Amino acid sequence: MSNRNLVIVESPAKAKTIEGYLGKDFIVKSSMGHIRDLVKGDKAIDVEHNFTPHYEISEGKHQLVKELSDLSKKSDTVWLATDDDREGESISWHLKEALDIDDSKIKRIVFREITQKAILKAIENPRTIDVDLVNAQQARRVLDRLVGFEISPVLWKKIKPGLSAGRVQSVAVRLVAEREREIEKFNSQASFKTQGFFKTKAGKILQGDLNKDYTEEKDIISLMEASVNAGFKVSNKEVKPAKRTPAAPFTTSTLQQEASRKLSFSVTRTMVLAQKLYEAGKISYMRTDSTSLSEDALQAAANQIASEFGPKYAQRRQFKTKSESAQEAHEAIRPTDFSISSAGVEKDEQRLYDLIWKRAIASQMADAELERTIITMKAEGNSYTGLSGGEKLQYQATGEVIKFDGFLKVYLESNDNEEESEDEKLLPFVEIGEALGLEQIKSRQRYSKPEPRYTEASLVKKLEELGIGRPSTYAPTVSTIEKREYVNKEWREGKSREYIELILKAGKIEKAVKTEIFGVEKGKLFPTDTGLIVNDFLFNYFKEIVDYDFTATVEREFDTIAQGKLGWQDMISKFYLPFHKTVESTASIERKEVNVAREIGVDPKTGKKITARLGRFGPYVQIGEQEEGGPKPAFASLKKEQRIESITLEEALTLFDLPRDLGEFEDIKMVVNNGRFGPYVKHGPAFYSLQKGMDPYTISTETAIQLIEAKRIADIEKVIKVFDARPDVKILNGRWGPYLAVGKENIKIPKGIEAKDLTLEKCLELATAQAGKPAVKKAAGRFAKKK
DNA sequence: CAGTGAGCGAGCTTCCGCTTGACTT
């Protein structure tokens with residue numbers, strides 16, 4: 001039987017939907033993304049022969065390509081309906097090449113929304129494959145391979161095997177590294193923020209902020225003294241209408257940001273959950289850079305809003321996509337059916353759907369109308385304005401009242417700055433000129449803060465602003481730099497510091513010194529020593545590649561190629577020749593130049609230099625140099641939160657305090673040390689890992705004994721059965737249930753046998769049957785490779 | 001499991017973008 005029409009799209013979920021729109025003359029299949037890619041290794045691009053790329057069918061795609069090929073041979077027309085962007089055009093071209101079909105049978109169609117109208121319209125307007133656009137993709141692909149596969153081996157030689165560099169990931173690392181250094185350099189300044197509390201004629205309290213910050217305590221004292229009999233008045237009152245406008249519906253990047261802020265999801269978790277909702281047909285495609293909605297969606301949202309909230313809440317809006325690099329091959333992320341307000345299997349899926357629904361609905365709702373009131377309060381005749389140069393000191397109170405909630409009924413976008421909450425604030429009624437009683441003036445020191453460290457999501461936001469990376473790669477890029485250990489996602493406890501608080505009340509000034517916790521970090525990205533060293537190296541030798549504008553610059557050239565005004569090989573050739581020279585020039589760089597040992601200071605005991613450096617097994621400090629034939633110098637690994645470039649001499653010295661003697665327990669020596677798997681206490685032949693919060697440098701003998709005793713109790717609770725005749729044979733309770741331990745071998749108890757009923761004979765029988773076989777097989781396949 | 005940290009050598013690693021698979025304890 002012959003199928004008249006074969007349609008090929010990229011995603012199977014999309015294929016299913018479209019098949020429903022097209023009827024039985026059409027069979028719709030998916031390519032599952034790219035089907036061919038550059039061959040593996042360094043022979044993919046023939047640099048000598050005008051950068052000729054060599055492609056092959058990707059691993060695991062042979063079966064699929066064969067199926068598509070067979071189907072296409074049986075069809076009269078093959079509709080290549082891959083995405084309407086650079087990569088999509090390329091997939092169509094690769095399909096044409098790989099399926100080996102007659103050109104006359106091929107039609108290329110595009111649509112940017114999955115609606116019946118859009119698909120049918122596309123079928124009526126087929127075109128041919130846009131070779132210029134395909135060439136722009138080839139240039140992108142070849143450039144990325146050349147950059148990645150020429151720089152990475154330099155890192156293996158000069159820094160550490162297995163490292164990587166690339167147009168996208170290296171900029172991501174640079175952002176995190178530079179932010180960390182800004183924070184380290186940041187000089188936090190304290191200044192006094194002052195609030196006045198005044199009593200109105202009607203007896204209510206009106207609170208306002210002083211329009212000047214002082215750094216000196218004496219200025220605040222003078223101000224307070226001058227305020228006692230100053231005579232405050234309402235000097236002005238302004239009431240202005242204001243409005244707030246809803247945010248655009250989600251793109252991939254804004255979805256990741258909001259899910260991170262409101263639901264604390266990692267960017268990967270957000271994408272996994274969104275994928276499930278998409279496959280279940282609940283939301284539109286989740287990898288998109290567009291904020292626009294289809295006509296159908298606009299209508300459906302308007303209907304939903306009118307019926308749920310009333311027609312005056314509906315306001316049709318189409319949002320312009322902000323980012324210049326957007327290719328807009330899909331709609332914004334939205335529910336497929338606005339009348340379904342809850343969807344998803346797991347709890348987190350439901351929460352994500354709820355967020356998507358609200359954001360999309362709110363985007364089509366009316367503005368919120370507010371009334372903003374600003375009241376200023378001044379002392380009569382400005383009696384104390386002479387304090388510092390004669391500027392006008394005044395207090396200001398701002399209040400906001402919502403007159404019409406509009407979209408706020410449904411959704412309010414959060415922001416990265418946690419402290420700025422925009423709650424509705426109602427001010428007491430006052431009249432201009434009204435005299436105010438002074439209740440109190442409160443002034444406290446606040447410290448200035450550096451720009452915050454990136455979260456995964458705020459890093460994605462920054463990358464998108466720079467036009468670096470694509471919706472499909474944001475989450476994988478973050479994972480890559482984490483996997484390479486260039487950055488770590490960390491939780492850190494804060495430190496405490498003192499601040500001064502001055503209060504003027506009933507004519508008296510009281511001073512208090514209080515403490516606050518600052519610098520608490522939750523799931524923020526910190527660069528590692530490797531990340532910092534690799535970044536410095538790339539910045540010194542491959543400045544162009546890690547330049548924040550590099551991608552934007554090459555994107556402009558890709559666009560010129562897509563317009564047919566520039567040959568892709570010409571562009572690559574112009575880039576490659578100087579680039580390759582730089583790569584070659586790195587051969588003469590000494591490893592020591594790249595991985596510089598930092599001098600921390602001098603050991604007071606020996607007078608030898610203490611240095612810090614990145615070693616094969618991580619960062620370490622060392623006392624003195626290795627002399628020929630001499631003894632080995634003392635080494636110590638850095639603690640997890642320490643960095644080579646910021647560790648102090650004092651901190652370094654304590655690192656040499658290990659191993660530390662903890663005295664004796666039960667007549668056996670106890671020693672605490674740092675092991676490969678963390679700090680431990682060794683007691684005779686037994687090892688005890690330190691628990692969270694215990695520090696090997698400070699742990700006391702008592703705590704160590706408690707640790708040992710607690711572990712023994714836990715071990716006793718593990719034992720189900722022992723045999724007097726053979727003390728080496730035990731039945732123990734493990735994490736996944738009971739198991740048999742014979743000597744050092746752990747043996748699985750077969751199904752159907754009750755652990756309690758096992759006899760010694762049966763145990764030994766199981767042990768011999770198990771001999772030689774590992775108790776737990778190593779995980780096979782690609783999951784093992786990942787590690 | 002509970003040190004090591006240099007450099008040599010075999011043969012390995014690595015890019016960015018599209019998209020969803022499913023080893024067996």
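What are the pairs with Cβ atoms under 7 angstrom where one residue, in region A:464-478, is in contact (Cβ under 8 Å) with a residue 60 or more places away in the chain and the other, located anywhere, is more than 6 Å from DNA strand B (Cβ to nearest atom) and of a type in the set (D, E, K, R)? Sequence gap at least six, or different chains.
Between residues of region A:464-478 that are in contact (Cβ under 8 Å) with a residue 60 or more places away in the chain and residues that are more than 6 Å from DNA strand B (Cβ to nearest atom) and of a type in the set (D, E, K, R), the close pairs are A:Gly467/A:Glu324; A:Gly467/A:Glu555; A:Pro471/A:Asp289; A:Val478/A:Glu456.
Every residue in region A:545-598 that is modelled with pLDDT of 95 or more, within 31 Å of the chain's Cα centre (by Cα) and part of a loop (DSSP other than H, G, I, E, B), please.
The answer is A:Asp547, A:Tyr548, A:Asp549.
Would you check which residues across region A:700-731 are in contact (Cβ under 8 Å) with a residue 24 or more places away in the chain, part of a helix (DSSP H, G or I) and aliphatic (A, V, I, L, M) and list them?
Those that are in contact (Cβ under 8 Å) with a residue 24 or more places away in the chain, part of a helix (DSSP H, G or I) and aliphatic (A, V, I, L, M): A:Ala704, A:Ile705, A:Leu707, A:Ile708.
For a quick check of your reading: which strands (runs of 3 or more DSSP E) sit entirely within region A:483-541 and have at least 3 residues that are among the hydrophobic types (A, V, I, L, M, F, W, C) and either in contact with a strand residue (DSSP E or B) (Cβ under 9 Å, 6 or more places away or on another chain) or surrounded by fewer than 20 Cβ atoms within 10 Å (Cβ to Cβ) (or both)?
The qualifying strands (runs of 3 or more DSSP E) are A:495-505, A:508-518.
Residue by residue through region A:314-365, note down the ones that are closer than 19 Å to A:Asp296 by Cα and aliphatic (A, V, I, L, M).
Selection gives A:Ala314, A:Ala329, A:Ala332, A:Ile333, A:Ile340, A:Ile356, A:Ala360, A:Ile361, A:Ala362, A:Met365.
Within the bounds of region A:31-54, is there any residue that is under 18 Å from A:Leu120 (Cβ atoms) and not in a loop (DSSP other than H, G, I, E, B)?
Taking every residue of region A:31-54 in turn, none turns out to be under 18 Å from A:Leu120 (Cβ atoms) and not in a loop (DSSP other than H, G, I, E, B).
Just give me the residues in region A:156-180 being modelled with pLDDT under 95 and in a helix (DSSP H, G or I), in sequence order.
Matches in region A:156-180: A:Trp156, A:Lys157, A:Lys158.
With the requirement that a residue be part of a helix (DSSP H, G or I), farther than 19 Å from A:Ala13 by Cα and of a type in the set (Ser, Thr, Tyr), what does region A:70-99 give you?
Of everything in region A:70-99, those that are part of a helix (DSSP H, G or I), farther than 19 Å from A:Ala13 by Cα and of a type in the set (Ser, Thr, Tyr) turn out to be A:Ser72, A:Ser90.
Within region A:141-155, identify whether any single residue is in a helix (DSSP H, G or I), within 16 Å of DNA strand B (Cβ to nearest atom), under 30 Å from A:Lys581 (Cβ atoms) and of a type in the set (Asp, Glu), and answer yes or no.
Yes, region A:141-155 contains a residue that is in a helix (DSSP H, G or I), within 16 Å of DNA strand B (Cβ to nearest atom), under 30 Å from A:Lys581 (Cβ atoms) and of a type in the set (Asp, Glu).
In region A:29-48, which residue that is more than 10 Å from DNA strand B (Cβ to nearest atom) and without any contact (Cβ under 8 Å) to a residue 40 or more places away in the chain is farthest from the chain's Cα centre (by Cα)?
Restricting to residues being more than 10 Å from DNA strand B (Cβ to nearest atom) and without any contact (Cβ under 8 Å) to a residue 40 or more places away in the chain, the top hit is A:Glu48.
Condition first: away from DNA strand B (no atom under 11 Å from the Cβ) and in contact with a strand residue (DSSP E or B) (Cβ under 7 Å, 6 or more places away or on another chain). Now tell me which residues in region A:642-663 satisfy that.
A:Ile644, A:Glu645, A:Ile647, A:Leu649, A:Ala652, A:Arg660, A:Asp661, A:Leu662, A:Gly663
If you take the residues of region A:646-680 that are in contact with a Leu (Cβ under 6 Å, 6 or more places away or on another chain) and modelled with pLDDT of 85 or more, which of them is nearest to A:Thr611 (Cα to Cα)?
Filtering first and then ranking leaves A:Val672.
A quick yes/no check of all residues on (1) on the phi > 0 side of the Ramachandran plot; (2) aromatic (Phe, Trp, Tyr); (3) not in a loop (DSSP other than H, G, I, E, B):
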position: A:Pro241; (1), (2), (3): no, no, yes
position: A:Ala247; (1), (2), (3): no, no, no
position: A:Thr254; (1), (2), (3): no, no, yes
position: A:Gln257; (1), (2), (3): no, no, yes
position: A:Phe265; (1), (2), (3): no, yes, no
position: A:Arg287; (1), (2), (3): no, no, no
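The values are calculated or read from the model by the stated rules, or taken from the named source; none is laboratory data. All values derive from a computational prediction rather than experimental measurement. Don't worry about glycine lacking a Cβ; one is built from the backbone with ideal geometry, like all the others, and counts go over all protein chains shown.
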